[in-house]
């Protein structure tokens with residue numbers, strides 16, 4: 001029997017592959033296949049999870065989490081995941097079924113492979129959960145001083161700088177119907193395992209409660225677009241450095257078409273304004289980049305008619321930006337006219353349809369880009385909680 005097993009191993013060509021060659025082959029596969037191949041053997045699992053090998057695996061934009069609404073189903077709102085290519089089975093299960101317990105999960109933010117969620121238990125408890133969908137690891141955070149209050153929260157994580165992540169919870173007070181003031185932040189650090197309150201260093205800031213907070217974590221700072229103040233609000237992970245960056249231009253009426261994102265190591269801003277040269281009512285989308293983080297000088301990178309993006313003429317922008325490719329000149333957006341997720345290539349000036357959502361996009365939930373992270377040991381604070389029962 002032993003001799004027969006030895007003979008079969010000799011006939012298996014995979015046993016003759018070097019580790020470097022295996023990693024090279026895996027790097028050409030989609031995220032879902034790599035996750036499955038971790039179950040082939042302990043050796044393959046170690047290769048995929050190793051921090052150095054993980055750098056070679058596909059850790060670019062994989063797809064998007066998004067929500068739709070339909071009165072023909074219950075519940076009316078449903079969460080989905082679409083691959084960035086638009087074809088094939090979803091690389092990530094949008095329900096995040098590896099999270100234990102009976103809690104209802106809401107996805108709040110995604111940053112460099114980690115996903116920030118809010119869990120609602122049947123008993124009424126509300127907690128934050130940070131997870132890695134690629135490795136199916138997670139951590140439930142302790143309550144902040146706001147005691148489970150439903151708040152806006154954002155995630156900050158950069159594995160190239162630190163294995164620790166941070167959660168920024170906005171402390172807000174109602175000041176007028178439809179408006180709140182930002183009084184400060186509760187900042188959680190996975191290094192200390194604790195929350196710390198920091199009073200706002202932005203001065204007086206009012207925010208429209210109807211607008212989603214669009215954020216970018218870049219160079220160790222959280223950047224938040226705030227339409228009321230017409231600024232990008234910036235804060236570091238310790239709540240010591242606060243800054244406002246004026247936007248290059250803002251149309252408050254069509255403020256939902258204003259967007260900030262990260263691409264090629266820079267902060268980007270997209271905005272729409274009326275095209276006075278058009279024969280019919282049309283808008284232009286301008287793309288700006290903040291190439292020098294120490295200054296407030298935005299550089300115009302691109303301009304395109306909104307009608308080209310949305311596929312219809314006149315009446316308004318008819319599109320909602322959702323992401324900028326982190327490594328290329330691609331803009332992703334949702335078209336109002338046909339409920340499709342689309343991609344615009346700034347280099348060849350072409351639009352591609354990625355996915356038809358088949359029903360109305362849930363504008364109350366942000367469409368979030370997702371970049372997979374396979375290195376288990378590169379994230380401090382979530383590995384130890386793998387498989388623990390309950391949230």
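The values are calculated or read from the model by the stated rules, or taken from the named source; none is laboratory data. The structure presented is a predicted model; accordingly, all values stated were derived computationally and were not measured. Neighbour counts are summed over all protein chains in view; Cβ atoms, including those assigned to glycine, are modelled from backbone coordinates with ideal geometry.
Contact map, the range 73-90: first residue within 20 Å of residue 352 (Cα to Cα), second residue loosely packed, with under 11 Cβ neighbours inside 10 Å, Cβ cut-off under 9 Å, separation 6 or more or different chains; pairs are 83/89. All conditions in (1) modelled with pLDDT under 90; (2) assigned to a loop (DSSP other than H, G, I, E, B); (3) surrounded by 15 or more Cβ atoms within 10 Å (Cβ to Cβ) hold for residue 239, with the sole exception of (1).
The single condition among (1) under 24 Å from residue 364 (Cα atoms); (2) modelled with pLDDT of 90 or more that residue 212 does not meet is (2). Among the residues examined, residue 5 does not qualify as surrounded by 11 or more Cβ atoms within 10 Å (Cβ to Cβ), out of contact with any strand residue (DSSP E or B) (no Cβ under 9 Å at 6 or more places or on another chain), outside the structural domain of residue 158 (by TED's automatic domain parsing) and modelled with pLDDT under 65. Checking each residue in the range 346-362 for being more than 11 Å from residue 330 (Cβ to Cβ) and out of contact with any strand residue (DSSP E or B) (no Cβ under 6 Å at 6 or more places or on another chain) picks out 349, 358. Of all positions in the range 128-140, at least one carries a residue that is over 25 Å from residue 323 (Cβ atoms) and buried (at least 19 other Cβ atoms within 10 Å of the Cβ).
Somewhere in the range 181-191, is a residue loosely packed, with under 13 Cβ neighbours inside 10 Å and either outside the structural domain of residue 261 (by TED's automatic domain parsing) or closer than 21 Å to residue 235 by Cβ (or both)? Looking for residues that are loosely packed, with under 13 Cβ neighbours inside 10 Å and either outside the structural domain of residue 261 (by TED's automatic domain parsing) or closer than 21 Å to residue 235 by Cβ (or both), one finds none in the range 181-191, hence no.
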